[in-house]
Every structure is written in C-alpha cells, then in structure tokens.
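> Pasting a structure here, questions to come.
The values are calculated or read from the model by the stated rules, or taken from the named source; none is laboratory data. Only a predicted model underlies this, so the values are computations on that prediction, with no experimental measurement involved. Glycine gets a Cβ as well: all are built from the backbone with ideal geometry, and neighbour counts include every protein chain shown. The accessibility values were calculated without ligands, DNA or RNA, using every heavy atom of the protein model including side chains. Shrake-Rupley method; radii C 1.70, N 1.55, O 1.52, S 1.80 Å.
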Amino acid sequence: MTDLSLLSLALEAMEKSYSPYSGCKVGAALLTKEGKVYTGTNIENAAFSPTVCAERVAIFKAISEGVTDFSAIAVVGGKNGRVDGIFAPCGVCRQVMREFCDDDFKIILGINEAEYKTITLGELLPLSFSPKDVK
Ligand SMILES: [Zn+2]
C-alpha cells in the first residue's frame, strides 16, 4: 500500500462525512501492520460534544475488531469537502493514536489529491503521555 493509495482511500471516506453543522468534511484511512485498511469519516451531532473525528472512527473500527497494530494513517479534509491544505489531526485524535502507536507511526496529510506531507506521531505529539507512563 503506497502513501498515495492510502490517501486516495481517505478521500473516498471523506465523501461519506456527516457534517451538516461545520461543513468540514474529513476522511481517514488507517493501515494496519498486516496491510488491512480501516477508513473513517467525521460524524457530527446536533449536541456537538458527541461529534467524532474521522481518525478516531477508523481507529475504533479497527480496535473493535481486535486489531491494535498500525503503521500509518492518511488524513484529508476541507470545508465543503474541498481539500486545499493540510487538515491536521486534533489533540484528542493525537492522544488516541498515542494509545496504540509508537513514535514512528506515519501520518500522511493530504494537501490535495496529488500532494501530501508525511510526519511521524513522535513529531506530531512530542513529550506525550502514553500507556508506558501508567504501566
Ligand atoms: Zn480529531
């Protein structure tokens, strides 16, 4: 699975976004260490706090099926589904990634359908609180 293929799956997932309040559509595609992909999209709610991000939907889908080893996630997003810049994971999603992923976990951030930036979880969330801190 190439970075661009994973990005393409994130773009497809973005199309299913339920975002009637913000108009921000986000898609994520999570690659497991075994090569399986779980996708997610953001799901908003009229009460706002039940809203969940695309990244967490993808991660929780995998966790709920007993998969906990991940190598990369591609994330794309934009107002009204127009991807014209990086849509970086929020702080909550970064912490959820930290729960299951090491510093070298790759995060592929789509800039547009042909361009992307790659960063690691260690770069995105340095000096983080992790399961190692409580075990
Ligand atoms: Zn988030």
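> Return the pair list, or none, for Cβ contacts closer than 6 Å from residues in the stretch 116-135 that are in contact (Cβ under 8 Å) with a residue 60 or more places away in the chain to residues that are surrounded by 11 or more Cβ atoms within 10 Å (Cβ to Cβ) and of a type in the set (Val, Ile, Thr), at least 6 apart or on different chains.
Matching pairs, first to second residue: 116/108; 118/108.
> I'm trying to understand the selection: among the residues of the stretch 85-95, which are more than 8 Å from the ligand (Cβ to nearest atom) and either among the aliphatic types (A, V, I, L, M) or free of Cβ contacts under 8 Å to residues at least 24 places away in the same chain (or both)?
Result: 86, 88.
> If you scan the stretch 86-132, which residues turn out to be open to solvent by 30 Å² or more (accessible area, probe 1.4 Å), small (Gly, Ala, Ser) and assigned to a loop (DSSP other than H, G, I, E, B)?
88, 114, 128
> For residue 52, work out the one condition from (1) over 20 Å from residue 116 (Cα atoms); (2) in contact with a Leu (Cβ under 8 Å, 6 or more places away or on another chain) it doesn't fulfil.
(2)
> Of the residues 83, 57, 76, 26, which is outside any helix (DSSP H, G or I), within 19 Å of residue 109 (Cβ to Cβ), open to solvent by 20 Å² or more (accessible area, probe 1.4 Å) and not small (Gly, Ala, Ser)? Lay out the reasoning, then the answer.
On the way: 57 fails: outside any helix (DSSP H, G or I); 76 fails: open to solvent by 20 Å² or more (accessible area, probe 1.4 Å); 26 fails: open to solvent by 20 Å² or more (accessible area, probe 1.4 Å).
The unique qualifying residue is 83.
> Pairs under 7 Å by beta carbon, first residue acidic (Asp, Glu) and within 13 Å of the ligand (Cβ to nearest atom) in the stretch 33-58, partner open to solvent by 70 Å² or more (accessible area, probe 1.4 Å) and part of a loop (DSSP other than H, G, I, E, B), six or more apart or different chains?
Going by the 7 Å Cβ cut-off, the qualifying pairs are 44/20; 44/21.
> Confirm whether residue 63 is open to solvent by 10 Å² or more (accessible area, probe 1.4 Å), part of a loop (DSSP other than H, G, I, E, B) and more than 10 Å from the ligand (Cβ to nearest atom). It would help to see each step written out before you state the result.
On the way: open to solvent by 10 Å² or more (accessible area, probe 1.4 Å): yes; part of a loop (DSSP other than H, G, I, E, B): no; more than 10 Å from the ligand (Cβ to nearest atom): yes.
Judged against the criteria, residue 63 is not a match.
> Any chance you could count how many residues in the stretch 29-54 are within 14 Å of residue 9 (Cα to Cα) and either among the basic types (Lys, Arg) or part of a loop (DSSP other than H, G, I, E, B) (or both)?
Counting residues in the stretch 29-54 that are within 14 Å of residue 9 (Cα to Cα) and either among the basic types (Lys, Arg) or part of a loop (DSSP other than H, G, I, E, B) (or both) gives 2.
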